[in-house]
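Engineer: My questions all concern the structure below.
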Amino acid sequence: MSFKLLALLGALTLSSGLAQTPAVSPERELLQRTLTPLWGPASLRSSVLVGQLPPDLGFALPQGSRVIGSVVTETPDPAYPAGVTVYFDTALTPEQVDAHFARVLAPAGWKVFSLSSGGPFPEGGFLPSTPTGGRPYYRQNPDQQLSIQTRRVGGLTQVTLGRQRAPDLAQTLRYAQDERFDPARLLPRLAPPAGATVSPRGGGSSGDNVTQYAGIESTLSRAALFDHYAAQLRQAGWTLRNRADAGTLTSSLWTLTQEGKERVGLLLIGESARGQYRATLGIQGLE
């Protein structure tokens with residue numbers, strides 16, 4: 001979705017008069033339709049501001065930022081988290097971006113979201129080769145949440161800033177410090193190999209059982225890739241009990257003790273093509 005979004009935004013910016021005319025271009029119509037969820041209320045409308053900020057953002061971006069554009073969602077339904085997402089680039093580092101918003105948001109009534117020990121974007125399991133950063137905020141009356149995600153690419157920091165209505169803010173604040181709502185904390189943090197591209201691709205959890213998936217591009221062999229991650233699992237206290245190599249798949253079974261309970265760990269690495277891997281990491285409790 002993000003790649004398509006940036007591609008379409010790029011196509012829109014090629015037309016210098018696009019943002020100045022009330023006529024809806026085919027590109028803009030397609031983008032606005034794509035960004036309007038089918039599951040939202042019928043009154044939901046999305047609009048795209050190319051190279052612009054919404055007039056009611058309420059705080060300043062870092063000086064010298066290049067605004068890619070904004071996406072605004074609107075609906076009279078108070079239970080829907082409508083809001084705005086802003087995309088911009090800056091020469092500041094992610095740490096400097098965080099410091100900037102810490103300065104400008106407090107006077108506007110925003111507070112830093114207190115979170116569990118996992119941090120604003122809890123990471124366990126396969127860590128991405130291009131780490132993301134950022135910090136979440138909230139404010140009350142009206143209840144809103146603000147997320148700031150940063151990613152360093154080359155000499156620039158790409159920032160995605162999202163401000164939404166928060167109809168369940170009170171409940172979210174109650175849950176924020178509860179470790180049980182961060183199942184990824186059960187997985188050890190696994191750093192990527194040098195030169196590899198690692199992209200976490202979701203996962204799931206049920207109680208104490210957690211599974212995470214990742215795509216990996218690397219010049220390492222499957223055996224070397226397994227050894228890289230196995231060394232980190234051992235360091236985290238996992239004990240290898242069984243390993244099998246069959247065809248293009250390496251599977252392994254581990255045991256570990258966590259929070260005083262014995263658990264079973266699983267690491268799978270499958271090779272889908274030369275240098276292309278699919279990996280699975282999981283933990284399951286024992287009854």
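Engineer: Taking the residues in segment 109-137 that are touching a Phe, Trp or Tyr at 6+ places or on another chain (Cβ under 8 Å) and open to solvent by 30 Å² or more (accessible area, probe 1.4 Å) as candidates, determine which candidate is modelled with the lowest pLDDT.
Structural biologist: P120
Engineer: I would also like to ask the following. Just a yes or no: is a residue in segment 141-154 open to solvent by less than 60 Å² (accessible area, probe 1.4 Å), modelled with pLDDT of 90 or more and among the hydrophobic types (A, V, I, L, M, F, W, C)?
Structural biologist: For segment 141-154, residues open to solvent by less than 60 Å² (accessible area, probe 1.4 Å), modelled with pLDDT of 90 or more and among the hydrophobic types (A, V, I, L, M, F, W, C): present.
Engineer: Shifting gears a bit: For segment 71-79, does any single residue satisfy the condition of being open to solvent by less than 60 Å² (accessible area, probe 1.4 Å), touching a helix residue (DSSP H, G or I) at 6+ places or on another chain (Cβ under 9 Å) and not in a loop (DSSP other than H, G, I, E, B)?
Structural biologist: Checked segment 71-79: at least one residue is open to solvent by less than 60 Å² (accessible area, probe 1.4 Å), touching a helix residue (DSSP H, G or I) at 6+ places or on another chain (Cβ under 9 Å) and not in a loop (DSSP other than H, G, I, E, B).
Engineer: So which residues in segment 63-80 are under 22 Å from the mean Cα position of the chain (by Cα), of a type outside the set (V, I, T) and modelled with pLDDT of 90 or more, if there are any at all? Give the derivation first.
Structural biologist: Of segment 63-80, the ones under 22 Å from the mean Cα position of the chain (by Cα) are 65-73, 80.
From what's left, of a type outside the set (V, I, T): 65-66, 69-70, 80.
Within segment 63-80, S65, R66, G69, S70 meet the criteria.
Engineer: In segment 1-34, which residues are modelled with pLDDT of 75 or more and part of a loop (DSSP other than H, G, I, E, B)? Walk me through how you get there before you give the answer.
Structural biologist: So the first thing to find is which residues in segment 1-34 are modelled with pLDDT of 75 or more, and the list is 25-34.
Passing the criteria: only S25.
Engineer: Scan the strands (runs of 3 or more DSSP E) fully inside segment 186-285 and keep the ones with 3 or more residues being more than 23 Å from S129 (Cβ to Cβ) and open to solvent by 50 Å² or more (accessible area, probe 1.4 Å).
Structural biologist: 239-246
Engineer: If you check G162 against the conditions, is it modelled with pLDDT of 80 or more and over 17 Å from the mean Cα position of the chain (by Cα)?
Structural biologist: No; evaluated as a whole, the condition is false for this residue.
Engineer: Any residue in segment 26-39 that's aliphatic (A, V, I, L, M): show its pairings with residues that are surrounded by 10 or more Cβ atoms within 10 Å (Cβ to Cβ) and at pLDDT 75 or above at Cβ separation under 8 Å, as long as the two are six or more apart or on different chains.
Structural biologist: Final answer for the pair search is L31/V48; L35/S46; L35/V48; L35/V71; L35/T73.
The values are calculated or read from the model by the stated rules, or taken from the named source; none is laboratory data. Please read these numbers as outputs of a predicted model, since none were measured by experiment. Every residue, glycine as well, gets a Cβ built from its backbone with ideal geometry; the counts of neighbours run over all protein chains shown. SASA here: full protein model, heavy atoms, side chains in, ligands and nucleic acids out. Shrake-Rupley method; radii C 1.70, N 1.55, O 1.52, S 1.80 Å.
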